[in-house]
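The values are calculated or read from the model by the stated rules, or taken from the named source; none is laboratory data. Please read these numbers as outputs of a predicted model, since none were measured by experiment. Here Cβ is always computed from backbone atoms with ideal geometry, including for glycine, and neighbour counts include all displayed protein chains. Quick note on the areas: whole protein, heavy atoms, side chains included, nothing else; ligands and nucleic acids left out. Shrake-Rupley method; radii C 1.70, N 1.55, O 1.52, S 1.80 Å.
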Amino acid sequence: MIDLRSDTVTRPTPAMRRAMAEAEVGDDVYREDPTVNRLEERAAAIMGKEAGLFVPTGTMGNTIAVKIHTDHGQEVICESRAHVLDWELAMLAWFSGCLLRPVAASDGILHWRDIEAAIRPKSAHSAPTTLVEIENTHNMAGGAVYPMDVFEDICANAHDRGLKVHLDGARIFNAACHLNRPVRDLAAPADSVMFCLSKGLGAPVGSMLVGRAEAIDRARGYRKRLGGGMRQAGVLAAAGLIALEEMPHRLGEDHANARFLAGELAKLAGIQIDPARVQTNIVIFDVTGTGLATTALTLALKTRGLLMNGINPRQMRAVTHFDVSREQCATAIAAISEALAAKR
Ligand code: TLP
């Protein structure tokens, strides 16, 4: 099977498996796991933040981040297709008691003027806005990358207005690769950053939350509350360290494969995509013109050895990662082309 459903499907490399087997471990709830401690220190250093926290998932990282920046009954601004809004089971409402105020941006990239207009006025009828949540790369906007100046402008203005900024950087290394900048430059203006070890970087499990030491101390308590006190988690952190140190440099290959897919998809009748908008490893394309709903296309592709999901009835998403080669991308295009021909 060729699996383009997500970069979450990547399996640990042989080096990761070896490191996991040999990892030095201790009880991380007592902060005695040397491998977790090393991962947290390295993650913070690489992101240019004071402290880091190893969490099992990106969802838990985002959930805790919102909690450390807000109180119950406040508002959080995000883009209208944000992961935190559509894919995290309303954890922000459930755990932090906050309301999301989505703001639509056609390319997924918010600007300060859009955010400013969504800040609630100080009035007897409005809940205070206290946090801006930015997703870079923006998953459901096809892996779109925030230009540095746009994000810096958002953070500077948000801070002037007394708002915090949390960066959902699940794929921040993909953004850094596209911009050809050190990842710490992208993280610098944000108050906290969540990033995933288990997506394009290939670790089997885990994400990191980084930020100020005081905030990460509080985050540790929330992680325990959510059931994320993982004891001998060094076996997982060992793979995470390899993901962090050795995998970012190869992400450009995934981006080149995504551009290849986009270029080939654009040649197929009934498919709509602008390949020039594919910046990283996510390719979203519209299949309305093929006469197939995405659910039907997913099934037709599965019988042809290709796994790929729709994100709604009209749009499919293909995600490249280090478990798919260029040759497999070419095979994937052949499978799609065949499925469309069969429909005709
Ligand atoms: N994204 C997954 C699905 O949940 C959609 C995927 O296949 O892309 N932030 C962003 C931007 C994400 O894309 C994801 C996962 C998360 C957070 C959550 O990470 P996990 O899955 O570790 O909870």
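Given R0 = 35 Å, the distance between the Cβ atoms of T303 and R277 translates into a calculated FRET efficiency of 0.70. How far is the Cα center of the range 272-344 from the Cα center of the range 163-182, in Å? What the calculation gives is 26 Å, centre to centre. Between A156 and K343, the C-beta separation translates, for a Förster distance of 51 Å, into a calculated FRET efficiency of about 0.50.
Taking a straight Cα-Cα cut-off under 23 Å and skipping sequence neighbours fewer than 8 places away in the same chain, the lysines within cross-link reach of K343 are K267, K302. Built from the Cα atoms of the range 1-60, the convex hull projects on average onto 6.0 nm², one quarter of its surface area. Amide H contacts under 5 Å for N281: none, restricted to partners 5 or more places along the chain or on a different chain, H placed in the peptide plane at 1.01 Å from N. Close amide H contacts of R101 (hydrogens built in the peptide plane, cut-off under 5 Å, sequence separation of 5 or more or a different chain): V76, I77, C78.
Shape descriptor for the range 11-246: Rg over Rh equals 0.97 (Cα atoms; Rh from the Kirkwood inverse mean 1/r). What stretch of the chain, leaving out the sites themselves, is the longest with no GluC sites (Glu not before Pro) in a DSSP loop having at most 16 other Cβ atoms within 10 Å? Value returned for the longest uninterrupted segment is 51-344. A Förster distance of 45 Å, applied to the separation of the beta-carbon atoms of H125 and A45, puts the FRET efficiency at 0.50. With all pairs of different C-alpha atoms in the average, the Kirkwood value for the hydrodynamic radius of the range 250-343 is 13.0 Å.
Solvent-accessible area assigned to carbon and sulfur over the chain amounts to 51 percent, based on a 1.4 Å probe. Pairs over the 20 Å Cα-Cα cut-off, from the set K199/K224; K49/K164; K164/K224: K199/K224; K164/K224. Computed over protein heavy atoms with a 1.4 Å probe, the accessible surface of the range 11-246 works out to 40 Å² per residue.
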